[in-house]
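Please treat every number below as a calculation from the coordinates, not as lab data. As the structure is a computational prediction, the values presented were derived from the model and not from experiment. Glycine gets a Cβ as well: all are built from the backbone with ideal geometry, and neighbour counts include every protein chain shown.
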Amino acid sequence: GDSVTQMEGPVTLSEEACLTINCTYTATGYPSLFWYVQYPGEGLQLLLKATKADDKGSNKGFEATYRKETTSFHLEKGSVQVSDSAVYFCAPHYSLGSNFGNEKLTFGTGTRLTIIP
Amino acid sequence: DTEVTQTPKHLVMGMTNKKSLKCEQHMGHRAMYWYKQKAKKPPELMFVYSYEKLSINESVPSRFSPECPNSSLLNLHLHALQPEDSALYLCASSQDPVSTDTQYFGPGTRLTVL
């Protein structure tokens with residue numbers, strides 16, 4: 001079935017380091033692609049999204065490009081801050097057909113990121 | 001306003017209790033969702049309510065039952081839960097239940113079943 005593979009964590013970086021969190025998805029249909037972030041003790045917040053091939057989503061210095069040829073949506077940031085410490089989820093949104101609604105957001109396992117001052 | 005509110009924030013219940021979780025959105029969204037998130041795991045979709053139709057993940061036990069009193073409210077009724085049901089329960093909403101729409105999440109209800 002449809003699935004997503006996300007880089008395992010935890011990831012620990014120093015402040016101002018470069019960040020890449022890898023995400024690949026199975027190419028059934030044409031999913032929209034999302035990155036959500038979950039800060040400690042909170043719900044999920046949308047970080048960025050891309051709905052078609054070659055689209056680039058960006059927010060708060062984070063970027064990710066919808067790569068259809070490699071079925072990837074890697075999250076990048078050039079200079080991380082302590083406030084970026086959180087869990088990051090890659091989430092393709094697939095069409096399911098008739099069994100369970102019509103659309104489903106499928107979450108990766110999450111990558112816990114810790115930034116050290 | 002992109003806020004989804006959930007009450008209560010925390011809930012502790014025994015296995016014989018009946019309780020309800022509440023979720024509300026005032027964004028005019030036409031789809032609402034319940035997710036279950038165990039510790040250090042991703043959220044798992046339990047139910048989708050859109051256009052007055054409920055879609056159920058068949059793996060969800062019947063001790064969980066959703067109810068949608070109106071277009072801005074989605075409740076989750078809990079009855080005879082098990083300790084393994086302890087988790088963070090997240091509600092979300094989106095404009096429409098389509099893949100291009102962003103889902104907006106509430107802060108969650110942290111449920112503990114004793």
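Placing a pseudo-label 7 Å from each Cα along the Cα-to-Cβ vector at A:Asp55 and B:Arg110 gives an inter-label distance of 3.5 nm.
Please work out, to two decimal places, the log10 of the ratio I(q)/I(0) at q = 0.16, 0.19 Å⁻¹ from a Debye calculation in which every Cα of chain B carries one identical scatterer. The Debye formula, applied to the Cα set alone, gives -0.68, -0.96. If the segment from B:Glu67 to B:Arg30 were pulled out straight at 0.36 nm per residue, it would be longer than the present Cα-Cα gap by 11.9 nm. Judged by the gyration tensor of its Cα atoms, with axes a ≥ b ≥ c, the range B:73-113 is prolate; a/c meets the 1.5 cut and a/b is the larger of a/b and b/c. Loop-located chymotrypsin sites (Phe, Trp or Tyr not before Pro) across the range B:8-108 with a Cβ neighbour count of 10 or fewer within 10 Å are B:Tyr51, with loop assigned by DSSP. The magnitude of the dipole of chain B, with charges of +1 and -1 set on the Cβ of Lys/Arg and Asp/Glu and taken from the Cα centre, is near 460 debye. Calculated on the Cα set of chain A, radius of gyration then Dmax: 14.2, 49 Å.
Applying a DSSP loop filter and a limit of 14 other Cβ atoms within 10 Å to the GluC sites (Glu not before Pro) in the range B:47-112 leaves B:Glu52, B:Glu58.
The mean number of Cβ atoms from other chains found within 10 Å of a Cβ in peptide A:3-10 is 0, as a whole number. The 3J(HN,Hα) values that the Karplus relation (6.51, -1.76, 1.60; θ = phi - 60°) gives for the range B:64-71 are, in residue order, 9, 9, x, 8, 10, x, 7, 5 Hz. Gly and Pro appear as x.
May I ask for the longest run of chain A untouched by GluC sites (Glu not before Pro) that are loop-located per DSSP and have at most 13 neighbouring C-beta atoms (other than their own) within 10 Å? Working shown, then result.
Numbers: sites that count: A:Glu8, A:Glu15, A:Glu16, A:Glu69.
The longest such stretch corresponds to A:17-68.
Just to confirm the filter: which trypsin sites (Lys or Arg not before Pro) across the range A:1-93 are DSSP coil and have at most 14 other Cβ within 10 angstrom of their Cβ? Answer by residue number: A:Lys52, A:Lys60, A:Lys68. The C-alpha radius of gyration of the protein assembly as shown, expressed as a fraction of 2.2 N^0.38 Å, stands at 1.02.
Which whole number gives the average, over all residues in B:54-67, of C-beta atoms from other chains lying within 10 Å of the residue C-beta?
1
Taking label points 7 Å from Cα along the Cα-to-Cβ direction, B:Met15 and B:Ala39 give a separation of 2.0 nm.
For the range B:75-82, putting each phi into the Karplus relation 6.51 cos²θ - 1.76 cosθ + 1.60 with θ = phi - 60° gives couplings of 9, 10, 8, 10, 8, 6, 6, 10 Hz, in residue order, rounded to whole numbers and with x for Gly and Pro.
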